[in-house]
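Enquirer: I'd like to ask you about the structure that follows.
Any read-out appearing in this document is the output of simple, stated calculations on the displayed coordinates, not a laboratory observation. Keep in mind the model is a prediction, meaning the values are calculated, not measured. All Cβ positions, even for glycine, are placed from backbone atoms using ideal geometry, and neighbour counts span all protein chains on display.
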Amino acid sequence: MSKRWLHLVDHTGIYCYRTDGAHLTLADYFPTDEEGQLGFSYWVQQRPRADIHSLVVDLPDEGFHLDPIPYVIGADRKALIQRKLVQHFFGSPYATAISLGREKTGRRDERILFAAITRPAAIEPWLTALRASGAALRAVHAVPLMTRELLAGLKLPEARGLVIALSPSGIRQLYFDEGQLRFARLSPAPDGPYSNWGPDCLREARKTYQYISAQRWIPRNSPLTVYMLAARNEEQALLPQLSGGEPLDFQTIALEALYQRLSVRESVTDSNCRPLFLRLAQRAPAEPQLAPESERRYFRVWQARSAIFAAGMLALFGFGLAASKAWFDARELRVQAQEARLDTQREERRYEQLLTSLPKLPAPLDTLRGVVDNLDQVAAQRSGPRPLLALLSQSLERFPDVELQRLDWQAGPRGEITGSTAAPATTTSLNASGETSLIVEASLPEGSASDPRAAIERIRALVADLQQNRGIEVSRLRQPFDIESDKTLKSDSNSARNRPQFSFQITSRPAARADGQTAQAGGAR
């Protein structure tokens with residue numbers, strides 16, 4: 001896991017603090033000489049590449065310019081601000097621009113505060129060490145740029161004023177107007193404890209007041225409130241030293257109360273405000289800051305890597321949720337399948353119990369099923385023997401001497417009729433041809449056997465009469481006499497007394513088949 005480091009640069013050297021949540025721990029210190037710079041370079045190289053570094057500059061080499069610009073947006077605004085930065089701070093890449101809002105009158109130009117480190121050489125050795133080691137530089141902050149949260153915590157009653165903060169770096173003066181920073185200045189630190197810095201604070205405040213008046217930010221000789229940040233145990237010592245500074249009105253603000261309002265967990269022993277500045281730098285956002293983008297390229301790489309890792313973790317989490325859901329769904333399906341199998345087994349056992357409780361059938365179950373299926377098929381047939389029986393009845397009326405002995409009928413083609421003339425067929429093979437067949441057994445009158453030729457002609461006449469009906473076919477199955485050409489027709493007294501028996505088959509043809517055969521017959525003629 002990456003660590004975060006906060007480096008404070010002042011005129012004496014660089015302080016390296018490790019930030020861990022709300023805690024700040026001083027890890028090391030390196031002076032400004034060549035040995036200190038080499039030591040810091042080696043120290044940075046020992047740090048993992050994933051660590052994040054931020055630089056806080058607390059030096060007097062600062063520049064501020066308030067300059068209104070025409071209100072433009074987009075690329076034009078960026079180009080105009082960049083041109084102004086080069087104009088005000090030529091040769092310094094560590095510069096930024098802070099918008100203070102638009103003017104309320106006139107063209108309503110945008111007020112821009114341009115700030116920069118006017119002497120880049122003061123921080124260049126430390127940035128060179130970070131750059132050489134490939135460290136991820138998050139931002140370069142100046143102490144005055146972090147005063148927005150400070151002013152919000154002070155809750156000052158007036159819209160403008162001067163704030164003085166003491167630290168080992170010197171006397172820090174922050175001029176604000178309408179709740180926003182307008183100018184900052186750092187004076188060298190006097191000798192002695194903070195309680196003896198009163199005369200120096202008064203002298204430096206007068207210089208700042210003269211500069212502000214010269215810039216016409218306030219009316220000349222108008223009073224200006226000066227807020228002195230001091231510990232409670234040093235307020236009584238500083239106030240007498242600040243008297244007689246008209247038109248400056250000095251007031252003290254207890255650091256203990258300010259720390260409480262800003263939620264800074266630091267014990268206050270003197271008027272040193274450096275812990276406050278470090279806490280503000282720890283909470284400060286990445287913008288505004290002074291480092292150019294070329295110095296922050298490793299930080300951008302770290303951001304991209306972190307974004308990819310976060311996206312991967314998010315995707316992994318999503319896939320894990322999907323896999324968990326799929327696992328629970330599969331588990332539920334397995335439970336449902338097991339319950340279905342158990343239900344099936346219970347139903348099968350119940351079905352077997354019901355079968356065993358039924359009375360015994362006279363025939364096997366498969367045979368009964370076949371019979372029922374055949375009955376269903378017979379019931380589904382559209383045709384029946386009724387039309388053929390009507391035709392046969394009409395023909396028999398014209399041949400009263402022919403006596404009907406037996407009839408068998410069946411739905412199906414002639415080739416599928418089973419059974420004999422002695423008994424009706426017991427097996428029926430059905431199809432979708434729509435044909436119905438009649439097997440007719442008949443006899444001639446007694447005495448017809450004495451004249452076989454006349455009997456045969458009588459049978460042929462009956463057949464011809466039936467064939468006159470369209471849509472049926474008549475085929476003779478059995479003759480009453482053996483009429484083969486190599487045999488002689490014979491008769492005796494016994495055969496003359498018998499009734500000659502013969503049989504034939506009548507088959508109804510479907511309409512399409514009958515029409516086709518008629519058409520073929522017509523074409524043949």
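Enquirer: How would you rank Glu158, Glu204, Glu246, going from fewest to most other Cβ atoms within 10 Å of each one's own Cβ?
Expert: Arranged by neighbour count, lowest to highest, Glu158, Glu204, Glu246 become Glu246, Glu158, Glu204.
Enquirer: Between Asp109 and Ala286, take the C-beta separation as r, use R0 = 35 Å, and let me know the FRET efficiency to the nearest 0.05.
Expert: Computed FRET efficiency for Asp109 and Ala286: 0.80.
Enquirer: Oh, and also: What list do you get for Lys104, Lys155, Lys207 if you sort them by fewest beta carbons within 10 Å?
Expert: Ordered from fewest to most neighbouring Cβ atoms within 10 Å, Lys104, Lys155, Lys207 come out as Lys104, Lys155, Lys207.
Enquirer: Relative contact order of segment 97-170: what whole-number percent is it, with Cα pairs under 8 angstrom and at least 6 residues apart?
Expert: Result for segment 97-170 is 15 percent.
Enquirer: At 7 Å along the Cα-to-beta-carbon direction for both Phe317 and Asp329, put a label point, then send me their distance in nm to one decimal.
Expert: 2.2
Enquirer: Hey, another quick one. Any idea how far the Cα center of segment 266-310 sits from the one of segment 114-168, in Å?
Expert: Cα centroid to Cα centroid, the span is 10 Å.
Enquirer: Now a separate question. So between Lys155 and Arg297, what do we pick up on full extension, going 0.36 nm a residue minus the alpha carbon distance?
Expert: Taking 0.36 nm per residue and subtracting the Cα distance, the gain is 47.3 nm.
Enquirer: While we're here: Quick check on the exposure proxy: order Glu435, Glu103, Glu332 from fewest to most C-beta atoms within 10 angstrom.
Expert: Final ranking by Cβ density, sparse to dense: Glu332, Glu103, Glu435.
Enquirer: Follow-up. Run the Debye formula on the Cα coordinates of the chain, all scatterers equal and no solvent, and tell me log10 I(q)/I(0) at q = 0.08, 0.11 1/Å.
Expert: For the chain, the Cα-only Debye profile gives -0.72, -1.02.
Enquirer: Shifting gears a bit: Within a Cβ distance under 14 Å of Val86, other residues only, what is the Lys/Arg minus Asp/Glu net charge?
Expert: Charge balance near Val86 sits at +2.
Enquirer: To the nearest 0.05, how large is the calculated FRET efficiency for Ser2 and Leu358 if R₀ is 56 Å and r is the Cβ-Cβ distance?
Expert: The value I calculate is 0.10.
Enquirer: Given Cα pairs under 8 Å that are at least 6 residues apart, what percent is the relative contact order of the chain?
Expert: Relative CO of the chain lands at 10 percent.
Enquirer: Let me ask another. Quick one: 3J(HN,Hα) in Hz for segment 95-102, Karplus 6.51/-1.76/1.60 with θ = phi - 60°, rounded, Gly and Pro as x.
Expert: Along segment 95-102, the couplings run 9, 8, 10, 10, 7, 9, x, 9 Hz.
Enquirer: For Glu266 paired with Gln394, estimate the spin-label separation in nm (one decimal), with each label point 7 Å from Cα along the Cα-to-Cβ line.
Expert: About 12.7 nm, to one decimal.
Enquirer: While we're looking at this one, here's another question. Any idea how far the Cα center of segment 1-65 sits from the one of segment 337-353, in Å?
Expert: Their Cα centres are 78 Å away from one another.
Enquirer: I would also like to ask the following. Restricting to bridges with both residues inside the chain, how much of the DSSP beta-bridge set is antiparallel, in percent to the nearest 5?
Expert: Beta bridges within the chain, antiparallel portion: roughly 75 percent.
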